[in-house]
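For reference, the structure discussed in these notes is given below.
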Amino acid sequence: MARAILGLDIGGANIKAYHTSGAVRNRPFRMWEKPHELTEMLASLLAELPPSDVLAVTMTGELCDCFESKRQGRPSYLARR
């Protein structure tokens, strides 16, 4: 049985998600304007997608504009997964 995989690309202006079931989401999210809302945005987006066995996350360079460190920029929701 194949494992269900969810991929996230968290960028500075958009958040994209792809699930191996074929579900795809793309949400505009201007990170530099509201970095404190990232966790809520991700939780909402993931609630729309099927469950997954594996989560792969890419956080692109725009995050350097919003956080002082990688640890600070990692959403608490992802840290618990």
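Values in this text are rule-based calculations from the coordinates and carry no lab data. Values in this document were obtained by computation on a predicted structure and should not be read as measured data. Note: ideal-geometry Cβ built from the backbone for every residue, glycine included; neighbour counts use all protein chains shown.
Which of the residues spanning segment 18-57 are in contact with a Pro (Cβ under 8 Å, 6 or more places away or on another chain) and closer than 24 Å to Ala2 by Cβ? Those that are in contact with a Pro (Cβ under 8 Å, 6 or more places away or on another chain) and closer than 24 Å to Ala2 by Cβ: His19, Ser21, Ala23.
The sole residue among Ser21, Ser44 that is more than 12 Å from the chain's Cα centre (by Cα) and of a type in the set (S, T, N, Q) is Ser21.
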